[in-house]
Amino acid sequence: MQLFVRNRIEFLIGGAYALGHYTGLSRETKDFDLMLRPNDVPIALDVCRNAGYEAGFAFSHWLAKIWSAHSFIDVIFRAGNGLAEVDDLWFEKAAIATMMEIRVKIVPPEELFGRRPMSWNASDLTGQT
C-alpha cells in the first residue's frame with residue numbers, strides 16, 4: 001500500500017478486510033485484495049516489479065497478482081466475467097479507514113455485497129469448509 005501511495009496509484013481495499021470493516025467480522029485470509037481502475041493496473045504492476053516483487057496478470061480481463069515469498073495481493077479491476085469494472089464512482093462512494101497507519105479507501109458496500117456474493121460459498125463467510 002505504501003508503494004502505491006508513494007507512486008500516487010489510487011486503490012481500494014476489498015475482500016476479507018473490507019468485509020470486516022462493514023460487518024465487524026474478521027477471518028483469516030491468505031491474500032489481500034486491492035481494487036484498481038483498469039488503466040492503473042499496468043502502471044501498478046510495473047511499480048511493484050521495479051520494487052522487487054513478482055507481478056503479472058492472472059486473467060487479463062479482470063485479475064492481476066503481486067507476490068513475494070510470503071505475501072499475495074490480488075489486484076482486481078473488473079468482475080470475473082469481464083464486466084462491472086472498477087471506476088471513479090467506486091472511489092467516490094468508498095468509506096475511509098486507517099490501516100497500518102495509512103489512510104485508505106474501502107470498496108463501497110454496494111460493490112462488495114452487491115456483486116461479490118454471487119461467487120461466494122458458505123466457507124467464504126464462515127471460514128469453514
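The values are calculated or read from the model by the stated rules, or taken from the named source; none is laboratory data. For clarity, every value in this text was computed on a predicted model and none was experimentally measured. All Cβ positions, glycine included, derive from the backbone under ideal geometry; neighbour counts span all protein chains shown.
Please verify whether region 35-43 includes one or more residues that are assigned to a loop (DSSP other than H, G, I, E, B) and out of contact with any Asp or Glu (no Cβ under 8 Å at 6 or more places or on another chain). No, the conditions are met nowhere in region 35-43.
Looking only at region 1-40, filter to residues that are polar (S, T, N, Q) and at pLDDT 95 or above; which one of those is surrounded by the fewest Cβ atoms within 10 Å (Cβ to Cβ)? Working first, answer last.
We begin by selecting, within region 1-40, every residue polar (S, T, N, Q); these are 2, 7, 23, 26, 29, 39.
When the remaining residues are screened for being at pLDDT 95 or above, the result is 7, 39.
Numbers: Asn7: 14, Asn39: 9.
Among residues in region 1-40 that are polar (S, T, N, Q) and at pLDDT 95 or above, the one surrounded by the fewest Cβ atoms within 10 Å (Cβ to Cβ) is Asn39.
Kindly establish whether Arg78 is among the basic types (Lys, Arg) and either touching an Asp or Glu at 6+ places or on another chain (Cβ under 8 Å) or part of a strand (DSSP E or B) (or both). Explain how you work it out, then say what you get.
Numbers: among the basic types (Lys, Arg): yes; either touching an Asp or Glu at 6+ places or on another chain (Cβ under 8 Å) or part of a strand (DSSP E or B) (or both): yes.
Taking the combined requirement at face value, the residue satisfies it.
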